[in-house]
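Read through the structure below, which is laid out as structure tokens, and then see the notes.
The values are calculated or read from the model by the stated rules, or taken from the named source; none is laboratory data. Note that the coordinates shown come from a computational prediction; the quantities given were computed from them, not determined experimentally. Here Cβ is always computed from backbone atoms with ideal geometry, including for glycine, and neighbour counts include all displayed protein chains.
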Protein chains: 2
Amino acid sequence: MALIVQKYGGSSVATVPRIEHVARKAAATRSAGNDIVVVLSAMKGETDRLLALAYEVSHSQCPAPRELDMLLSTGEQVTIALLTMALERLGVAARCYTGAQVRILTDSSHSKARILDIDEEHLVEDLKLGRIVVVAGFQGVDETGAITTLGRGGSDTTAVALAAALGAGECQIFTDVDGVYTTDPRVVPTARRLDRITFEEMLEMASLGSKVLQIRAVEFAGKYQVPLRVLSSFEEGPGTLITYEVEGMEEPLISSIAFNRDEAKLTILGVPDRPGIAAQILGPVSAANINVDMIVQNISKEGLTDFTFTVHRSEYERALELTQKHAQELGAREVFGDTDIVKLSLVGVGMRSHAAVASRMFTALADEGINIQMISTSEIKISVVVDEKYLELGTRALHRAFDLDDKDGRRVKVEGAEVG
Amino acid sequence: MALIVQKYGGSSVATVPRIEHVARKAAATRSAGNDIVVVLSAMKGETDRLLALAYEVSHSQCPAPRELDMLLSTGEQVTIALLTMALERLGVAARCYTGAQVRILTDSSHSKARILDIDEEHLVEDLKLGRIVVVAGFQGVDETGAITTLGRGGSDTTAVALAAALGAGECQIFTDVDGVYTTDPRVVPTARRLDRITFEEMLEMASLGSKVLQIRAVEFAGKYQVPLRVLSSFEEGPGTLITYEVEGMEEPLISSIAFNRDEAKLTILGVPDRPGIAAQILGPVSAANINVDMIVQNISKEGLTDFTFTVHRSEYERALELTQKHAQELGAREVFGDTDIVKLSLVGVGMRSHAAVASRMFTALADEGINIQMISTSEIKISVVVDEKYLELGTRALHRAFDLDDKDGRRVKVEGAEVG
């Protein structure tokens, strides 16, 4: 008898018939002899409806965050009540709780609160009585009793945190995709669903622009070693298991190809190369709260160096203006930028011990005539920036070069992943 | 500086512009130097939308009451968040609380819970800080932490209970009518708004089929002597003050004419008149949980008596069947019923000391050729049952006979009331 935490997203509970479908799935898992905790999001569209009301009453100003959390938390309260009714109609004992009722204690950062503690006592009692426990995702309560929310996608975090607190055997995230893929199937039709991927790889993929799971949920799962599984609400199938590395587990070389076209590039040419110059260049940008992603500095020539970094495209104009103003003080020759770029990344724990990965990557891109503008590496990731027009061509070339294609009848050596 | 509790119903908060209108009204009362607690209902239509979801998921069975309360309580949570945003946009400090957050402690009778206690401490602190306090009506929490609701119209009860707990100077109920009327203005176009009415009169009127205020709210207000005022959300005006009798206050003879066409009449002819016969006749009916309203027994003739009582029209068929079955055992001659009846009532604390009221009432009806089928009296009320076709004619005749008509330039002696 295992304890399983199941989380269903907004499309899985978008209508009453879908909520009844979720009830039947949870009841079946219960009948198979498992204890079940179900975490729900709001019905699809409900959060946007409530947000529209909040913006209307705030005259398009930012709504007060404390009241916004009070408002938005009603969305999940509706779905947990309806699912519990559906379970009871099936003759399955169930109890539902809001975040405040469980007592999912968070800090007071409204709209992006962090979970501090979970009072699992009542839930354990309900489970002992054979009840399915239904919990509102996305929400908690601070020490003063004010309702807080965990930010978009926060229901994943709720599910993982409950799984950790209750020592669950598995945390299952039901979505509208049937698992994690080697890359975006819309770009590479031969992309394959992965049976398994590590937390580290999933984290690299998530931060590279994937949308299957919230990054914080994956971090949380990795920290508490909660096995996470991504499955489809609508189709049967094993999904993808996200887990820690087990000794003896065959290490795949590369698990996935990720891409991100949300970035823009800024280059400062001919800066005097002296200690502390990088900090001086980036100082005004980070002071303005602009996130910098990749940073590349070329070797110095005649006492001058070139410096390139990327920011989110929405912050490009502001970053360019700040850097241009600042460049004169630094004595730089020229500042220019480019928004037509895409970042392609290889992700895989296997590359740690395989130095040849980088050269295979660069060769595959060169064979297609794709010029690499920037390179950045981490232990389990290599990212390159190329012209945006090469997104599809480059992704397909890399997917093929690392044998990620789904070929019937062929036993592929590597497992890998990306997200739809 | 007085403390005023204001309650706004569903039509008053049906849209964002109306919520902003409520914010301006509350802010104006605050600016006038009062402390304000605002109690809100759900947006008009929202409770019905949620109920429809609950019935859909329950396949038209009765939804589980515990989960239904969880579901319905979201309605007020939405409006309190939106009103607080609107107040803050006006630059007015405000805080909102659900029933559970205030801690409006109730018993565990889901969907019709009774308030046991209110923890007013936080609210008093907020008021001291100059904040407007916004509280979700209709809802509370039981000792186990489960959300409860007080039943339809329960927001009135919340407002009165808060006013009592906080020792408020006045509890103002904003609705879509501008006060309490001498009778239904749709039946008698000359009906007048009353400036003032007593709790007792209001109670008699409420139980006679009026809909302006929930009966429990009036009882509560009477018990704790909280002055209640019914006003319009949409028009300026003093409304109607519902208050306890003050010594020296001029006692009106009759305050209002009420009518109720939801009843049906059952008559048992020729029952042997012996002690305990009334209990024997009504036993099976009350055992079946059917509410009996008026009961009349005529004097005995040759050891036989006639017995008549009224029940709600929806329970007439069941009551008739039970009584017919039982009548044979009792040795009654005949049982018959009539659903085409209406009950007309005079209400007024003044009639206590005026024995002539009844005869003036009967004369007024006789002058119109209206036959009285049943009569029943209490200290401040006289009710008669007549043929339903006489509803308008009888109500207008009584309204005129007791000088309740609104006549410009004429100083009317009596004040009276009924409800729109």
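For the stretch B:242-273, residues that are at pLDDT below 80 and at negative phi total 9.
Being hydrophobic (A, V, I, L, M, F, W, C), within 22 Å of A:Ser255 (Cα to Cα) and over 23 Å from the mean Cα position of the chain (by Cα) is a property that does not hold for A:Ala332. Residues of the stretch B:272-284 that are exposed (fewer than 12 other Cβ atoms within 10 Å of the Cβ) and within 14 Å of B:Glu321 (Cβ to Cβ): none at all. Pull up the stretch B:10-22, narrow it to residues that are touching a Lys or Arg at 6+ places or on another chain (Cβ under 8 Å) and of a type outside the set (A, V, I, L, M, F, W, C), then point me to the one that is farthest from the other protein chains (Cβ to nearest Cβ). Within the stretch B:10-22, the match that is farthest from the other protein chains (Cβ to nearest Cβ) is B:Ser11.
Name the single residue, out of those in the stretch A:76-102 being small (Gly, Ala, Ser) and at the interface with another protein chain (Cβ under 8 Å from one of its Cβ atoms), that is farthest from A:Ile118 (Cα to Cα). Step through it out loud before you land on a result.
Restricting attention to the stretch A:76-102, the residues satisfying the condition of being small (Gly, Ala, Ser) are A:81, A:86, A:91, A:93-94, A:99-100.
After this cut, where a residue has to be at the interface with another protein chain (Cβ under 8 Å from one of its Cβ atoms) as well, the list is A:81, A:86, A:100.
On the way: A:Ala81: 21, A:Ala86: 26, A:Ala100: 10 Å.
Within the stretch A:76-102, the match that is farthest from A:Ile118 (Cα to Cα) is A:Ala86.
In the stretch A:281-309, the residue that is farthest from A:Asp184 (Cα to Cα) out of those that are in a helix (DSSP H, G or I) and in contact with a helix residue (DSSP H, G or I) (Cβ under 6 Å, 6 or more places away or on another chain) is A:Pro284. Taking the stretch A:89-108 as the range and being part of a loop (DSSP other than H, G, I, E, B) and more than 22 Å from A:Thr74 (Cβ to Cβ) as the test, the residues that pass are A:Leu90, A:Gly91, A:Val92, A:Ala93. Among the residues that make up the stretch A:86-95, is at least one of them touching a residue at least 60 places away in the same chain (Cβ under 8 Å) and touching a Phe, Trp or Tyr at 6+ places or on another chain (Cβ under 6 Å)? No, the stretch A:86-95 contains no residue that is touching a residue at least 60 places away in the same chain (Cβ under 8 Å) and touching a Phe, Trp or Tyr at 6+ places or on another chain (Cβ under 6 Å). Out of the residues in the stretch A:129-147 that are part of a loop (DSSP other than H, G, I, E, B) and in contact with a strand residue (DSSP E or B) (Cβ under 8 Å, 6 or more places away or on another chain), state the one that is surrounded by the fewest Cβ atoms within 10 Å (Cβ to Cβ). This residue is A:Glu143.
Checked against (1) over 28 Å from B:Ala81 (Cα atoms); (2) assigned to a helix (DSSP H, G or I), A:Thr157 passes all but condition (1).
Applying the criterion of being within 14 Å of chain B (Cβ to nearest Cβ) and assigned to a loop (DSSP other than H, G, I, E, B) to the residues of the stretch A:109-128, the residue that is surrounded by the fewest Cβ atoms within 10 Å (Cβ to Cβ) is A:Asp119.
One residue is enough: does the stretch A:33-50 have a residue meeting the conditions in a helix (DSSP H, G or I), at pLDDT 95 or above and either aliphatic (A, V, I, L, M) or more than 28 Å from the chain's Cα centre (by Cα) (or both)? Yes, that holds for at least one residue. Considering only residues in the stretch B:52-64 that are small (Gly, Ala, Ser) and within 7 Å of chain A (Cβ to nearest Cβ), the one that is farthest from B:Cys171 (Cα to Cα) turns out to be B:Ser58.
From A:Ala146, A:Ala161, A:Ala113, which residue is within 30 Å of A:Val92 (Cβ to Cβ), aliphatic (A, V, I, L, M) and assigned by TED's automatic domain parsing to the domain that holds A:Val78? Sole residue among the options that is within 30 Å of A:Val92 (Cβ to Cβ), aliphatic (A, V, I, L, M) and assigned by TED's automatic domain parsing to the domain that holds A:Val78: A:Ala161.
Among the candidates A:Ala287, A:Ala264, A:Ala319, the residue that is among the small types (Gly, Ala, Ser) and surrounded by fewer than 15 Cβ atoms within 10 Å (Cβ to Cβ) is uniquely A:Ala287.
Being surrounded by fewer than 23 Cβ atoms within 10 Å (Cβ to Cβ) and under 18 Å from B:Gln61 (Cβ atoms) is a property that A:Val92 has.
Among the criteria (1) touching a residue at least 40 places away in the same chain (Cβ under 8 Å); (2) facing chain B (nearest Cβ under 7 Å); (3) assigned to a helix (DSSP H, G or I), the one A:Glu67 does not fulfil is (1).
In the stretch A:342-387, of all residues being within 15 Å of A:Met294 (Cβ to Cβ) and of a type in the set (Lys, Arg), the one that is modelled with the highest pLDDT corresponds to A:Lys343.
Of all the listed residues (A:Arg274, A:Arg318, A:Arg229), the sole one being of a type in the set (Lys, Arg) and either part of a helix (DSSP H, G or I) or in contact (Cβ under 8 Å) with a residue 60 or more places away in the chain (or both) is A:Arg318.
With respect to the conditions (1) under 28 Å from B:Asp184 (Cβ atoms); (2) exposed (fewer than 13 other Cβ atoms within 10 Å of the Cβ), B:Val342 lacks only one, and its number is (2). If only residues of the stretch B:28-40 that are out of contact with any Ser or Thr (no Cβ under 8 Å at 6 or more places or on another chain) and either within 14 Å of chain A (Cβ to nearest Cβ) or among the acidic types (Asp, Glu) (or both) are counted, the one that is farthest from B:Gly169 (Cα to Cα) is B:Val38. Selection of the stretch A:92-129 for residues being modelled with pLDDT of 95 or more and more than 20 Å from A:Ala146 (Cα to Cα) yields A:Val92, A:Ala93, A:Ala94, A:Arg95, A:Leu123, A:Val124, A:Glu125, A:Asp126, A:Leu127, A:Lys128, A:Leu129. Hey, does the stretch B:41-51 have a residue that's within 30 Å of A:Arg89 (Cβ to Cβ), within 12 Å of chain A (Cβ to nearest Cβ), surrounded by 23 or more Cβ atoms within 10 Å (Cβ to Cβ) and without any contact (Cβ under 8 Å) to a residue 40 or more places away in the chain? The answer is yes, given that some residue of the stretch B:41-51 is within 30 Å of A:Arg89 (Cβ to Cβ), within 12 Å of chain A (Cβ to nearest Cβ), surrounded by 23 or more Cβ atoms within 10 Å (Cβ to Cβ) and without any contact (Cβ under 8 Å) to a residue 40 or more places away in the chain. I'm told B:Leu72 meets every condition in (1) at the interface with chain A (Cβ under 10 Å from one of its Cβ atoms); (2) touching a Leu at 6+ places or on another chain (Cβ under 6 Å); (3) within 17 Å of B:Val37 (Cβ to Cβ) except one. Can you identify the failing condition by its number? Only one criterion is unmet by B:Leu72, namely (3).
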